[in-house]
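Take a look at the structure set out below.
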Number of protein chains: 2
Amino acid sequence: MKKHLLLSCLLLAGIGTSVYAQEPVDAAMTQKIREEGLKNSKVMETAFYLTDVSGPRLAGSPGLKRAQEWAVGQLTKWGMANAKREPWGKFGKGWEVQKNYAAITVPYYHAIIAIPKAWTPGTNGLLKSEVILIKADTITDLDKYKGKLQGKAVIFDVAITIKQSFKADATRYTDSALTAMANTKPQASRQQQRPADFANSPQFAAMRKARAMRTAINTFLKNENAGLILSMSRGSDGTVFTTNGASYADTAQTVAPELETSGEDYLRILRLIKGGQKVEIEADIKTQFFTDDLQGYNVVAEIPGTDKKLKEQVVMIGGHLDSWHAATGATDNAAGSAVMLEAMRILKAVGFKPKRTIRIALWSSEEQGLHGSRNYVLNHLGDPKTMVLKPEQSKISAYYNLDNGTGKIRGIYLQGDSAAGPIFQTWLDPFKDLGAATVTAGNTGGTDHLSFDALGIPGFQFIQDPLDYGTRTHHTNMDTFDKLIEDDLKQAATIVASFVYNTAQRKDMIPRKVLPKAPEVK
Amino acid sequence: MKKHLLLSCLLLAGIGTSVYAQEPVDAAMTQKIREEGLKNSKVMETAFYLTDVSGPRLAGSPGLKRAQEWAVGQLTKWGMANAKREPWGKFGKGWEVQKNYAAITVPYYHAIIAIPKAWTPGTNGLLKSEVILIKADTITDLDKYKGKLQGKAVIFDVAITIKQSFKADATRYTDSALTAMANTKPQASRQQQRPADFANSPQFAAMRKARAMRTAINTFLKNENAGLILSMSRGSDGTVFTTNGASYADTAQTVAPELETSGEDYLRILRLIKGGQKVEIEADIKTQFFTDDLQGYNVVAEIPGTDKKLKEQVVMIGGHLDSWHAATGATDNAAGSAVMLEAMRILKAVGFKPKRTIRIALWSSEEQGLHGSRNYVLNHLGDPKTMVLKPEQSKISAYYNLDNGTGKIRGIYLQGDSAAGPIFQTWLDPFKDLGAATVTAGNTGGTDHLSFDALGIPGFQFIQDPLDYGTRTHHTNMDTFDKLIEDDLKQAATIVASFVYNTAQRKDMIPRKVLPKAPEVK
């Protein structure tokens, strides 16, 4: 699409040209990127290596290291510069599952679907035990179990039941939902949305009390040498949402073995015991801790800038490569990682020599609190706690993130940076036919663009179709390659590559919000 | 509801009274049944014993025997007469799973979700093997594997992929769907629907060829002493649809061990191998065959009739109690069994002294071809092959069946018996407020009412809301107590009890279709 034609289209769409006239879109390059991204894609091959071949990619695990090493090698093969695993500081222990078997054996045999909670120990061989229902509203209620739980499996009562779903697992944004997003008024950043007095609310007090009770119970169970804790997972129909059961810190205290158990299996055991039936379980769980290298690593690589003045400036893209441990983290977030790798490949393949430097970063330990990106920012750009900035803070034009599953890009969140809105609107224009057209003044949180946003660097996450991310894949044992949608990933990589191209070549850097103030120390 | 009020309602609804005037509805008894069924229900307690406590109820298994014995005891406790396990003839071998563990160990450890196919043997201890991809379009293609599969795990290529679902797992019939059912024209019985020339069609030839090829492969694998066959199950997200992998006949040849593997796990292994990656598996499967008693049994019990003339006549209700083996068959068909048991309990609890005898039958081996009900019919009522009838054939007024999951009753299929339509329409009238109002001239198949229908005895299956029967529970590892909906089961039991009451007290038996002719012997 030629530039004057593009402008005609914008005029037809009733959009003024005063801003857009300053945002040239290179139609020829856009077309080259589309051809490469949509017709010569390698994104599914990349995703295959990150998921099936590498395995689960829990922070600090051998699986993550395999994926990182593959990514460094592949980026280098594709001709990127400075590809490496870059240490960002101390993370903690690595961990992986090396055996996972559990079944009830009384009143009859039934193998259960259950996943060891991350960073919990194993059973040290085959455990066989009656399952004991722990009834404790207060710490002193635990006294009655003293001396009785050595080697025993325990379970807790829950008020939750499983309901069949009358809503589709997978959805795409409707036109009206996208229109509503486009009409959203600018929002304060997410950090400011939580009421300041939440910490004093009854809800927070109740949460804190429940957490303290659970911590006390777990300490009690460890001290009593309980053999296995069964806890109920979120999810149904065989889908198990996973979490961690202990800290990854090298100084963390050991805990009792704990299995996050599918709702169906957990509730069956619970109903049987509450119905007066004896339940016995056998389990053989082996997990391995790794303490030889406590560092966390990000993968970084570059396409160096070629403009004398602008090459010191950087366009960054990224997504976290780490996952949870029960599957291969295909949608969370091999998808985003594969798309970002593919965007780099596309830009190399079309022979792009950028004015600004382009840098990809695949983060680690995002799932534990955005550690990889936060520490990258701390090491290179400045400290959001003190707002003491390093020189490079002023040189990152923008950071683009992808971490909301396999869904195609429908637009972008401005994250409060309203001046970027008209620019992005123009950049999305050549991709309306691929379903990406919405610029929302709304924010989104929960992932690594926040680390940049916290330091006043324009940091963006794209709007993606939700699909079955929230219902079936996000943090579950079912987050596998199967759930990736090839056409969506191709579309996303193509659009990201185009955004990177435009950001790298733009006359100016992306306009910034007012620099945040350092948080007050209380 | 008083009779004249009911008739007024029917008039208001625009329905003529000429037929309905002959169908009195006892409003007081209907109210008593509703009170007992909706407010004093035991249906969930019954379902708990049939599912959680008894375990899987595969035909011939110890789990089915436990459930049958519990049902006999409970029916007796409730005051039914002649409650017993009644043998119906030779079934075959019992079978159950006693250990089920499998995981890939190379390229990394990952425990897989997989279910031994029914009536397949175990691995005789821990099997460890590379997974070999069998490529064979013809029998002779197998030659290249001769002597190479001893103790090996094998897998086959498939063209299937997993797609996320954009439709809700669970649904209820909409008003318009029910209206369409109500307006259905009378259908020929299901047996007559398949075109006579299907047996000569290319599709049938292809099916037969594929089946023959698979049988030949399985024989080859057994002869080569293959260690484990992996086959891909239908289903996704952890839901595994199960089948049998060998015959239950006591004369059946042994086969190789076979695991029906979740789609996600199967396809991961397949992608890895096809992508040039070595995959190793370990599995420890133990299954047990039972040959001490090859008989099949149904559970039967009665509320004897009290009218001198009519007590020889019988109203029958039933559903199959057997299930598949990977879960506890809650919706298929503990639900129908629990509802029928509850209907009997309700009728006893309201102090009903029926004119005709009421008989419940909980069938076995339905899943293998309606064997329990077919043999009951053969033993007591006549032979549908020859149409030689026994005297009791003329004395069964009607048989009502429930076997379509946990969904509440929305109406009834006439199964070609159009004369029963106006009667049932009247009987449903007091349950319009509970969502049951539709009489359809359509048929439904696949379950035990067909055994009665085949002999000219009015046999009916109720219309039930589908819920997640087809998507998540029917024959799967996720058919558990959790999927039962209490309100739906209470409603169903109440309506069945009312139908039984009306059938038992009606002046005449339910009108019959023209007696089918004996099938021609070719």
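The values are calculated or read from the model by the stated rules, or taken from the named source; none is laboratory data. No experiment lies behind these values; they were computed from the predicted model shown. Methodologically, a virtual Cβ is constructed for each residue, glycine included, from the backbone with ideal geometry; neighbour enumeration extends over all protein chains shown. The protein model used for the area step is the full one, side chains on, heavy atoms only, and it has no ligands, DNA or RNA in it. Shrake-Rupley method; radii C 1.70, N 1.55, O 1.52, S 1.80 Å.
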Within region B:416-436, track down each residue that is of a type in the set (A, V, I, L, M) and farther than 16 Å from residue B:179 by Cβ.
B:419, B:420, B:423, B:434
Selection from region B:105-151 of residues farther than 18 Å from residue B:260 by Cβ and in contact with a Phe, Trp or Tyr (Cβ under 7 Å, 6 or more places away or on another chain) yields B:142
Filter result (part of a loop (DSSP other than H, G, I, E, B) and open to solvent by 70 Å² or more (accessible area, probe 1.4 Å)) within region A:118-146:
A:124, A:135, A:137, A:146
What residue, among those in region A:415-459 that are open to solvent by 10 Å² or more (accessible area, probe 1.4 Å) and of a type in the set (A, V, I, L, M), is nearest to the chain's Cα centre (by Cα)?
A:450
Checked B:365, B:373 against criteria (at pLDDT 95 or above, hydroxyl-bearing (Ser, Thr, Tyr) and touching a His at 6+ places or on another chain (Cβ under 6 Å)); the one match is B:365
Give me the residue from region B:87-136 that is in contact (Cβ under 8 Å) with a residue 24 or more places away in the chain and charged (D, E, K, R) and, out of that set, farthest from residue A:128 (Cα to Cα).
B:90
Can we say residue A:156 is more than 30 Å from residue A:227 (Cβ to Cβ) and either modelled with pLDDT of 95 or more or within 14 Å of chain B (Cβ to nearest Cβ) (or both)?
no
Among (1) crowded, with 24+ Cβ neighbours inside 10 Å; (2) more than 18 Å from residue B:510 (Cβ to Cβ) - the single one residue B:295 does not satisfy
(1)
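Matching residues to (1) open to solvent by less than 10 Å² (accessible area, probe 1.4 Å); (2) over 26 Å from residue B:501 (Cβ atoms); (3) of a type in the set (S, T, N, Q); (4) within 20 Å of the chain's Cα centre (by Cα):
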site: B:24; (1), (2), (3), (4): no, no, no, no
site: B:31; (1), (2), (3), (4): no, no, yes, no
site: B:35; (1), (2), (3), (4): no, no, no, no
site: B:42; (1), (2), (3), (4): no, no, no, no
site: B:63; (1), (2), (3), (4): yes, yes, no, yes
site: B:69; (1), (2), (3), (4): no, yes, no, yes
site: B:77; (1), (2), (3), (4): no, no, no, no
site: B:92; (1), (2), (3), (4): yes, yes, no, yes
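A quick yes/no check of all residues on (1) closer than 14 Å to residue B:303 by Cβ; (2) open to solvent by 10 Å² or more (accessible area, probe 1.4 Å); (3) under 18 Å from the mean Cα position of the chain (by Cα):
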{"position": "B:343", "(1), (2), (3)": "yes, no, no"}
{"position": "B:350", "(1), (2), (3)": "yes, yes, no"}
{"position": "B:365", "(1), (2), (3)": "no, no, yes"}
{"position": "B:372", "(1), (2), (3)": "no, no, yes"}
{"position": "B:382", "(1), (2), (3)": "no, no, no"}
{"position": "B:406", "(1), (2), (3)": "no, no, yes"}
Pick from region A:320-341, criterion more than 14 Å from chain B (Cβ to nearest Cβ) and hydrophobic (A, V, I, L, M, F, W, C), ranking: nearest to the chain's Cα centre (by Cα)
A:321
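Yes/no matrix, rows are residues, columns are (1) closer than 16 Å to residue B:333 by Cα; (2) modelled with pLDDT of 95 or more; (3) assigned to a loop (DSSP other than H, G, I, E, B); (4) under 23 Å from the mean Cα position of the chain (by Cα):
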position	(1), (2), (3), (4)
B:487	no, yes, no, yes
B:490	yes, yes, no, yes
B:493	yes, yes, no, yes
B:497	no, yes, no, yes
B:500	no, yes, no, yes
B:507	no, yes, yes, no
B:511	no, yes, yes, no
B:514	no, no, yes, no
Please count how many residues of region A:243-284 are within 14 Å of another protein chain (Cβ to nearest Cβ) and open to solvent by less than 30 Å² (accessible area, probe 1.4 Å).
17
Here are some conditions: (1) in contact with a strand residue (DSSP E or B) (Cβ under 9 Å, 6 or more places away or on another chain); (2) open to solvent by 40 Å² or more (accessible area, probe 1.4 Å). Residue B:513 meets all but one. Which one does it not meet?
(1)
Restricting attention to region B:485-509, and to residues there that are of a type in the set (A, V, I, L, M) and surrounded by 24 or more Cβ atoms within 10 Å (Cβ to Cβ), which single residue is nearest to the other protein chains (Cβ to nearest Cβ)?
B:489
Within region A:252-261, identify whether any single residue is closer than 30 Å to residue A:169 by Cβ and under 22 Å from the mean Cα position of the chain (by Cα), and answer yes or no.
yes
Say we look at region B:225-242 and pick out the residues that are hydrophobic (A, V, I, L, M, F, W, C) and within 12 Å of chain A (Cβ to nearest Cβ); which of these is most open to solvent (accessible area, probe 1.4 Å)?
B:232
For region A:160-184 the number of residues that are in a loop (DSSP other than H, G, I, E, B) and within 14 Å of chain B (Cβ to nearest Cβ) is 13
Do any strands (runs of 3 or more DSSP E) entirely within region B:48-117 hold 3 or more residues that are more than 10 Å from chain A (Cβ to nearest Cβ), and if so, which?
B:81-90, B:94-106
Taking residue B:158, is it in contact with a Gly (Cβ under 9 Å, 6 or more places away or on another chain), outside the structural domain of residue B:478 (by TED's automatic domain parsing), among the aliphatic types (A, V, I, L, M) and within 20 Å of residue B:215 (Cβ to Cβ)?
no
Would you check if there is a residue in region A:309-319 being under 22 Å from residue A:133 (Cβ atoms) and either open to solvent by 40 Å² or more (accessible area, probe 1.4 Å) or at the interface with another protein chain (Cβ under 10 Å from one of its Cβ atoms) (or both)?
no
Of the numbered conditions (1) free of Cβ contacts under 8 Å to residues at least 60 places away in the same chain; (2) surrounded by fewer than 16 Cβ atoms within 10 Å (Cβ to Cβ), residue B:222 fails exactly one; give the number of that condition.
(2)
